[in-house]
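Engineer: Just dropping this structure here.
The numbers here are math on the coordinates, done by the rules we state, and not lab data. The shown structure was predicted, so the numbers you read here are calculated from the model rather than taken from an experiment. All Cβ positions, even for glycine, are placed from backbone atoms using ideal geometry, and neighbour counts span all protein chains on display.
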Amino acid sequence: MDSKTTIPIVIAISVIITAGIMFSIGYDNQPQITQSPQTEIIYVDKTVSEFFKGTNDVKKISSQEELKDILEASSLLGGNFYDVRMTRSVMAVAESMGEFVGEDLDMMMAVPTMESSKDESGGSDYSTTNVQVQNVDEPDYIKNDSKYVYIVSQNTLSIIDAYPAESAKLILKIALDIDSQHIQNMFLNDDRLVIFYNGQSDDEIIPQYDFVPRRSYSLVTHALIVDVSDKEHPTILKDYSIDGHFMDARMIGNYAYFVTNSNVDYQYPRLPVIMEDSIRIMTPDAFYFDNVEQFSNFNTLTAIDIFGDKINSESFLMGHTGTFYVSEDNFYLTYQQNMPFGFYENSSRDRFFDVVVPLLPNNIQEQIKAIQNDSSINSSVQWIKISELMQKSYNQMDKNEKEELFEKIREALNQYDAKIQEDTRKTVIHKISIDEDKIKYVAKGTVPGRLLNQFSMDENGDRFRVATTTEYYIQHQGMIRANAVYVLDEQLNIVGELDEIAPDESIFSARFMGDRLYLVTFQQIDPFFVIDLSADTPKILGELKIPGFSNYLHPYDEEHVIGIGRDTKEVDNGRVQQLGIKIALFNVADVKNPKVADDIIVGDSSTHSEALYEHKSFFFDKKSRVLSIPISGDAESLSGIINSKKFAPDHNRWSGFYVFDLNSSEGFNLKGTITHSAAKDSRYYGMSNARTFYIDEILYTSSEGYLKMNFLDSLEEVNSIKLENTGKFINYIDEKVIRKATIPNE
């Protein structure tokens with residue numbers, strides 16, 4: 001190995017000793033110093049191999065053997081270390097968390113409508129999945145076109161002839177013969193479905209120091225391409241399996257892009273593989289990053305042509321992938337930075353010599369430096385001498401002088417600790433360009449803080465915008481929170497930022513719309529911010545403070561934004577109590593003075609809506625002025641429910657959809673409700689997997705129990721199909737028979 005990098009790291013015992021002493025100073029005006037000999041403090045130089053030089057460049061892994069070498073070198077960055085101070089901070093964070101406009105707005109509207117030109121028997125107009133970026137489809141458990149509805153649930157696929165609604169019927173319900181009982185998601189494109197589910201690989205390994213091979217099971221993701229041109233006899237065309245757990249997917253044109261995540265097995269490392277019908281067809285090119293970071297996962301991005309045989313994939317050795325943002329040209333993978341054990345292990349020593357010593361009297365500083373430079377004594381004896389010197393100095397001070405010194409030290413240490421914690425709480429962003437089956441890694445960047453969800457990110461031209469919340473615990477100050485917006489260039493370098501937005505608050509929702517960002521933070525009240533992004537340096541244009549908060553923001557037009565969240569009220573001791581579901585229409589025509597054009601509260605604290613955390617459950621169509629929100633809660637607290645008196649006291653839960661007429665001039669008007677589950681039902685389904693769409697003049701609402709069809713204007717029920725517990729047989733498909741019939745030469 002030629003070029004080597006040396007990283008000094010102190011072993012854990014030094015952290016425990018010094019951190020314990022610094023904490024005793026913080027908690028007590030008169031620190032108690034133990035004079036008994038302690039374990040030797042040893043600093044170890046860990047030599048890192050040629051694979052890591054700190055350039056942050058992406059590098060290709062050439063072979064299985066090189067992967068082993070890279071992981072071995074990566075493991076040197078870690079070790080069995082921990083930092084008492086950082087651990088306490090993390091614990092405190094966990095405890096505190098437990099308490100508790102566009103240049104073309106049409107491009108932002110998330111309920112696209114389509115004209116039906118292929119299927120003459122279908123409707124002329126229909127809606128599809130509520131997505132973040134137009135032309136970038138997102139997977140869901142339910143998909144529809146102008147005539148048919150496709151639903152995956154557990155291990156079954158249902159196909160419903162849904163148009164015309166009067167004669168709608170379930171034409172096929174089949175169970176896939178798979179080892180997973182929970183199909184993840186699917187896409188629909190013309191007469192092709194792409195169905196994702198998790199399965200298991202079946203390999204053999206020899207455990208360490210053993211001689212008998214044993215079965216080893218690891219997660220794989222299956223991507224089934226299904227031809228549904230014959231609705232009663234669908235055929236499986238392809239069965240791809242990729243190592244790793246299914247994370248997320250997008251469809252652009254005829255290509256499905258999806259990410260799988262597989263843990264790195266340091267004992268038996270291997271590169272991910274892709275198989276078709278249990279036959280290995282490729283090992284994706286694999287890459288790692290030259291930085292100080294322990295690798296924990298392979299994240300594999302795969303592109304498949306659902307109408308052909310093209311497939312491509314690349315795998316990246318990095319941290320656990322979290323939130324995604326996908327444009328028509330780029331795939332952004334993000335995760336919370338995980339610094340290796342031991343990376344900041346010398347911080348306790350450094351914080352003493354770099355922060356505490358310079359604040360001590362000058363004569364004490366000189367004596368400490370002399371002790372520190374005395375190589376004839378070991379570090380433990382050095383500390384005994386230093387602590388005795390400090391104790392003697394403290395005894396010579398009067399009470400006020402000593403307290404003033406300790407306060408300066410505490411403040412300086414807080415600033416030092418805050419900087420370290422900010423450095424360890426960053427979001428890593430990987431940018432990968434996509435163009436049909438072509439995948440190319442572009443850049444890596446980092447921003448301080450954590451992301452809320454995919455709506456915290458946006459690509460606009462050659463700029464990538466990110467909204468984050470930074471939070472960490474500081475001794476004597478408690479939890480520190482702040483929010484920021486960052487603008488990054490094509491190489492993910494930060495070129496502009498706006499920080500210190502709503503201190504002590506956290507981001508609850510964000511929506512980028514062209515040159516604006518609408519941001520909601522919350523702790524006790526709901527600040528709604530309008531932020532200008534027309535230049536690289538963001539700036540706040542206006543702010544509105546109202547009770548409650550919004551979990552999701554949705555475009556209405558250039559001057560209005562819809563928000564859904566909860567109403568709140570302040571109670572004793574400054575605490576905040578959450579109330580019913582709050583839906584608000586924000587008027588942002590005057591950006592300096594945004595206001596609430598109208599709002600409505602549904603139910604009380606017992607009321608729930610999946611739309612609070614799943615944007616696919618939110619439905620709004622501006623043309624028909626229909627807003628549909630899934631709701632479940634105590635019937636007595638809900639308004640607008642027909643014949644609510646029929647609910648029995650011991651079973652008064654109601655689930656269904658609240659349907660509003662919404663326009664910017666008149667606000668919200670409740671058209672009515674569509675019941676999906678009530679007291680008389682033998683089973684209470686709840687409202688998970690709640691979706692709404694329309695075909696022509698019919699509004700379709702779906703839950704675990706039913707697909708219901710109502711007229712858009714009057715909400716009069718046209719038809720209803722029970723989806724579960726029908727008492728009928730389920731047809732099972734033998735995949736091999738179907739594939740053999742479809743592919744004659746197999």
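Engineer: Diagonalise the Cα gyration tensor of segment 176-321 and give the resulting equivalent ellipsoid semi-axes, square root of 5 times each eigenvalue, largest first, whole Å. Walk me through the numbers before you get to the answer.
Structural biologist: Details: eigenvalues 169, 71, 29 Å².
Working through the eigenvalues yields semi-axes of 29, 19, 12 Å.
Engineer: What number comes out for the charge environment of Val591, summing +1 per Lys or Arg and -1 per Asp or Glu over other residues with Cβ under 14 Å away?
Structural biologist: Working: positive: Arg516, Lys539, Lys592, Lys595; negative: Asp515, Asp532, Glu543, Glu558, Glu559, Asp590.
Neighbourhood net charge equals -2.
Engineer: Please give the charge dipole size of segment 176-321, origin at the Cα centre, charges +1 on K and R Cβ atoms and -1 on D and E Cβ atoms. Round to the nearest 20 debye. Show your work: numbers first, answer last.
Structural biologist: Details: 9 positive and 23 negative charges, 42 e Å.
Result for segment 176-321 is approximately 200 debye, rounded to the nearest 20.
Engineer: Once R0 is set to 56 Å, what does the formula 1/(1 + (r/R0)^6) return for the Cβ-Cβ distance between Leu359 and Tyr268, expressed as a FRET efficiency to the nearest 0.05?
Structural biologist: Values: r = 52 Å, r/R0 = 0.92.
My answer for the efficiency is 0.60.
Engineer: Quick one: if the Förster radius is 25 Å, what FRET efficiency do Tyr613 and Ser218 give, using the C-beta to C-beta distance and rounding to 0.05? Walk me through the numbers before you get to the answer.
Structural biologist: Numbers: r = 30 Å, r/R0 = 1.19.
Once the sixth-power term is evaluated, E becomes 0.25.
Engineer: Using a 10 Å cut-off around each Cβ, can you sort Tyr394, Tyr658 from fewest to most neighbouring Cβ atoms?
Structural biologist: On the way: Tyr394 18, Tyr658 25.
So the ranking, lowest neighbour count to highest, is Tyr394, Tyr658.
Engineer: Please state the relative contact order of segment 176-321 as a whole percent: Cα pairs under 8 Å, 6+ residues apart? Let's see the in-between values first.
Structural biologist: Values: 329 pairs, mean separation 24.6, N = 146.
Answer for segment 176-321 is 17 percent.
Engineer: Tell me which of Met318, Thr221, Leu176 sits at the most positive position along the dipole axis of segment 176-321, charges placed on C-beta atoms (Lys, Arg +1; Asp, Glu -1).
Structural biologist: Value: Met318.
Engineer: Another question about this same structure. What residue among Ala510, Gly548, Gly603 has its Cα farthest toward the positive end of the dipole of segment 480-635, where the charges are +1 on Lys, Arg and -1 on Asp, Glu, each on the Cβ?
Structural biologist: Gly603
Engineer: What number comes out for the charge environment of Thr334, summing +1 per Lys or Arg and -1 per Asp or Glu over other residues with Cβ under 12 Å away? If you can, show how the numbers build up before the last one.
Structural biologist: Numbers: positive: Lys426, Lys431, Lys444, Arg450; negative: Asp248.
Around Thr334, the surrounding residues sum to +3.
Engineer: Sticking with this one: By count of other Cβ within 10 Å, fewest leading, how are Leu517, Leu176 ordered?
Structural biologist: Working: Leu517 25, Leu176 21.
By the 10 Å Cβ count, ascending, the order reads Leu176, Leu517.
Engineer: Please compute the net charge surrounding Thr300, taking Lys and Arg as +1 and Asp and Glu as -1 over other residues with Cβ under 9 Å from its Cβ. Mind dumping the intermediate values first?
Structural biologist: On the way: positive: none; negative: Asp243, Glu314.
My count for the surroundings of Thr300 gives -2.
Engineer: Among Phe287, Asn198, Gly244, which residue has its Cα furthest toward the positive end of the charge dipole of segment 176-321, with +1 on Lys/Arg Cβ and -1 on Asp/Glu Cβ?
Structural biologist: Going by the charge dipole, the pick is Phe287.
Engineer: Given a Förster distance of 56 angstrom, what is the FRET efficiency for Leu715 paired with Ile494, based on the Cβ-Cβ distance and rounded to 0.05?
Structural biologist: E between Leu715 and Ile494, to the nearest 0.05, is 0.70.
Engineer: Hey, another quick one. Over 31 Å between C-alpha atoms is what I'm after, so list which of Lys53/Lys539; Lys419/Lys444; Lys143/Lys539; Lys438/Lys708 land there. Before the final figure, lay out each step's value.
Structural biologist: Working: Lys53/Lys539 38 Å; Lys419/Lys444 22 Å; Lys143/Lys539 40 Å; Lys438/Lys708 42 Å.
Correct reply: Lys53/Lys539; Lys143/Lys539; Lys438/Lys708.
Engineer: For each of Trp383, Trp654, count neighbouring Cβ atoms within 10 Å of the residue's Cβ, then give the residues from fewest to most.
Structural biologist: Numbers: Trp383 22, Trp654 25.
Fewest to most other Cβ atoms nearby, the residues stand as Trp383, Trp654.
Engineer: Over 22 Å between Cα atoms: which of Lys369/Lys408; Lys238/Lys431; Lys426/Lys545; Lys592/Lys671; Lys173/Lys231; Lys545/Lys569 fall into that group?
Structural biologist: Too far apart for the 22 Å limit: Lys238/Lys431; Lys426/Lys545; Lys592/Lys671.
Engineer: Taking the Cα centre of segment 483-613 as origin, work out the dipole magnitude from +1 charges on Lys and Arg Cβ and -1 charges on Asp and Glu Cβ, in debye rounded to 20. Present the calculation step by step, with values, prior to reporting the outcome.
Structural biologist: Values: 10 positive and 23 negative charges, 80 e Å.
Result for segment 483-613 is approximately 380 debye, rounded to the nearest 20.
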